[in-house]
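This report concerns only the one structure given below.
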Amino acid sequence: MTEKPVLTKEQAAALEAALREDRPDQILKRAARDHETWFFDCQPLNYLELPILAKALYVGYEIEDVAYLPGDMVVYKNGGLFANGKRIATVHAHDRENRAVMFDSTFNHPLNTMGTKQLRKAIEEEIYWLHKLGRDKIGDFKYNDVFIDKEGESYLLRDAHPADGYRGLNDADFWYESGDFKGIYPAESFKPFFKAGDD
């Protein structure tokens, strides 16, 4: 079986752009004819050798792995859970040769290594919600979360409609997206005072 060449994301996008305009045989003829230069969206094809271009056109190709560095946060592309029960994990190491990522060894489980095709780097908003707050998704508000607005005023999220300093839990997405709030105190951060007799 012929091995598929590995292209960068930019080269793959350029090849797809070329295929929208021409058939594979026409693209290959154009590339072979006096090393014609590609422009605009197809420019990355200028850096592909002819045999690699031919293989990519007729055998297919794989896209080069993204480099994962220790400390990067990753999520499953399908939104699944990692072995530790979380939706986000910290990269411990990246084995580029085997296209695998090893996760932070703090959870001792045989599934602490995963193929890179199933993963993607977490965006900043996911890191905030899934890692810092420990929630299941972006905008996963909970009963008794406290919104803090730009002036430092606090608003308790409850089931009721907004009134008297309360914000309805159903309206939380609207308030979050408005940009008028600078953060939340998660309901889980509440720690009741110790009382004598409590054990």
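The values are calculated or read from the model by the stated rules, or taken from the named source; none is laboratory data. Given the structure is predicted, the values throughout are model-derived calculations rather than measurements. Cβ sites come from the backbone with ideal geometry, for glycine too, and all protein chains shown count toward neighbours. Side chains are part of the model used for accessible areas, which takes the heavy atoms of the whole protein and leaves out ligands, DNA and RNA. Shrake-Rupley method; radii C 1.70, N 1.55, O 1.52, S 1.80 Å.
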(request) Work out from phi, with θ = phi - 60° and the Karplus expression 6.51 cos²θ - 1.76 cosθ + 1.60, the ³J(HN,Hα) of each residue of the stretch 54-64, listed in order in whole Hz, and give x for Gly and Pro. (result) 4, 4, 4, 6, 10, 9, x, 8, 10, 8, 4
(request) Calculate the translational D of the stretch 1-51 in whole µm² s⁻¹ from Stokes-Einstein, where the hydrodynamic radius comes from the Kirkwood formula applied to all Cα pairs, the temperature is 37 °C and the viscosity 0.692 mPa s. (result) 289
(message) Quick check on the chain: helices-only [θ] at 222 nm, where DSSP H runs of length 4 and up contribute -39,500 (n - 2.57) each and the sum goes over total residues. Nearest 500, please.
(response) -5500 deg cm²/dmol
(message) Please compute the Kirkwood hydrodynamic radius over the stretch 51-160, one decimal place, Å, based on all pairs of different Cα atoms.
(response) 16.5
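For the chain, with every protein chain kept in place, what is the accessible area per residue (1.4 Å probe, Å²)? If you can, show how the numbers build up before the last one.
Values: 13440 Å² over 199 residues.
With the other protein chains kept in place, the chain gives 68 Å² per residue.
Give me the percent of accessible area attributable to carbon and sulfur for the stretch 1-146, probe 1.4 angstrom. Mind showing how you got there, number by number?
Details: 4690 of 9220 Å².
The C+S portion of the solvent-accessible surface of the stretch 1-146 is 51 percent.
So which of 86/191; 9/150; 4/132; 29/121 end up more than 32 Å apart, counting from Cα to Cα?
Exceeds cut-off: 9/150; 4/132; 29/121.
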(message) Between the stretch 13-83 and the stretch 171-191, what is the separation of their alpha carbon centroids in Å?
(response) 42
(request) Let me know the shape class of the stretch 1-97, please: from the alpha-carbon gyration tensor, a ≥ b ≥ c as square roots of the eigenvalues, rounded when a/c is under 1.5, otherwise prolate if a/b is greater than b/c, or oblate. (result) prolate
(request) Would you work out which of 186, 156, 18 lies farthest towards the positive end of the dipole of the chain, given +1 charges on the beta-carbon of Lys and Arg and -1 on that of Asp and Glu, about the Cα centre? (result) 18
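To the nearest 20 debye, what is the magnitude of the charge dipole of the stretch 38-142 about its Cα centre, counting +1 on the Cβ of each Lys and Arg and -1 on the Cβ of each Asp and Glu? The partial results should precede the final answer.
On the way: 13 positive and 14 negative charges, 91 e Å.
The calculated dipole for the stretch 38-142 is roughly 440 debye.
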(message) Compute, for the chain, the length of the dipole vector about the Cα centre, with Cβ point charges of +1 (Lys, Arg) and -1 (Asp, Glu) only. Units Debye, rounded to 20.
(response) 540
(message) Here are a few candidate values for Kirkwood radius over Cα pairs in Å: (1) 18.5; (2) 20.1; (3) 21.2. Which one was actually calculated from the structure I just gave you?
(response) (3)
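Order 129, 175 by their accessible area, 1.4 angstrom probe, all chains in place, largest first. Show your work: numbers first, answer last.
Values: 129 5, 175 50 Å².
Descending accessible area places them as 175, 129.
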